[in-house]
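One structure is given here, and the rest of the page talks about it.
The values are calculated or read from the model by the stated rules, or taken from the named source; none is laboratory data. Computed from a predicted structure; not experimentally measured. Cβ placement follows ideal geometry from the backbone for every residue including glycine, while neighbour counts extend to all protein chains displayed.
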Amino acid sequence: MLNKDKDGWITNLKVHKEHRPTIEKSPIGTITAIVLHRTGSNNAQSVLNAWKNKPEGTHFLISETGKIFQTASLNKQCWHVGKLYSKCRINSSCEKADAEAIENILHMKNTRWGKKFKLVTRHELKKDYPARFPHNLDSLGIEVVGVISQKSETYETPNKLQLNSLFWLVDELVSLYGLSIKDLYAHGQVAHKDEKKSEGTSALKAYAIHREK
């Protein structure tokens, strides 16, 4: 089983510490989920360099060679999710009052979509997980190096080395925090990001197949 020290750092030779303090935020709450991301780049070093100054990032980064970096403490939030979709709206499971509140937000006049999405997120955060999608305050983020096709707007499938590392890391984190595969999400499925809904989906699908074996 994976171990972490009191400061939230994994103590395992497979995980390499590359602390990026700028991406660490407030103390994290109870960890209820893991969100899978893709970098949009072809190498980890460019991401690590960017995270020296950027406020956004994830707790882990898996390189093009499968090397696992931990970049933020597991005791801290990272800004990695963004503006949430409404889970019940996507699943067609909203209660009447909830559905009406969300529709009222989305149909507000003279209001930009960015503002509407922020209001939906605020509305969703009144709910406890899993009634809503995971957010920064209760989820860990894993970024996997990979580029997106400009034509198809889909991300390349992670290579074998990356998948081996991803499977090991997610298995260990699931065990450490008592999660299940239902608590694993692709970023593009839970939050707005330039409408790139494919982000993380190939990694999530591969992990699901791995768990079935």
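Scan the stretch 25-43 for residues that are farther than 30 Å from Asp128 by Cβ and buried (at least 22 other Cβ atoms within 10 Å of the Cβ) and jot them down. Answer for the stretch 25-43, where residues must be farther than 30 Å from Asp128 by Cβ and buried (at least 22 other Cβ atoms within 10 Å of the Cβ): just Thr39.
Checked against the criteria, Gly114 counts as among the small types (Gly, Ala, Ser), closer than 20 Å to Leu84 by Cα and outside the structural domain of Ile62 (by TED's automatic domain parsing). Ala101 falls short of the stated requirement of being touching a helix residue (DSSP H, G or I) at 6+ places or on another chain (Cβ under 9 Å), within 21 Å of Thr11 (Cα to Cα) and not acidic (Asp, Glu). Scanning the stretch 1-42 for residues that are hydrophobic (A, V, I, L, M, F, W, C) and part of a loop (DSSP other than H, G, I, E, B) turns up Met1, Leu2, Trp9, Leu13, Ile28, Ile31.
Suppose we filter Tyr185, Tyr207 for residues that are within 21 Å of Leu84 (Cβ to Cβ), in the same structural domain as Trp79 (by TED's automatic domain parsing) and of a type in the set (Ser, Thr, Tyr); which single one remains?
None of the other options fit; the residue is Tyr185.
For the stretch 182-213, the tally of residues that are at pLDDT 95 or above and surrounded by fewer than 16 Cβ atoms within 10 Å (Cβ to Cβ) stands at 1. Selection of the stretch 119-140 for residues being surrounded by fewer than 17 Cβ atoms within 10 Å (Cβ to Cβ) and outside any loop (DSSP other than H, G, I, E, B) yields only Arg122.
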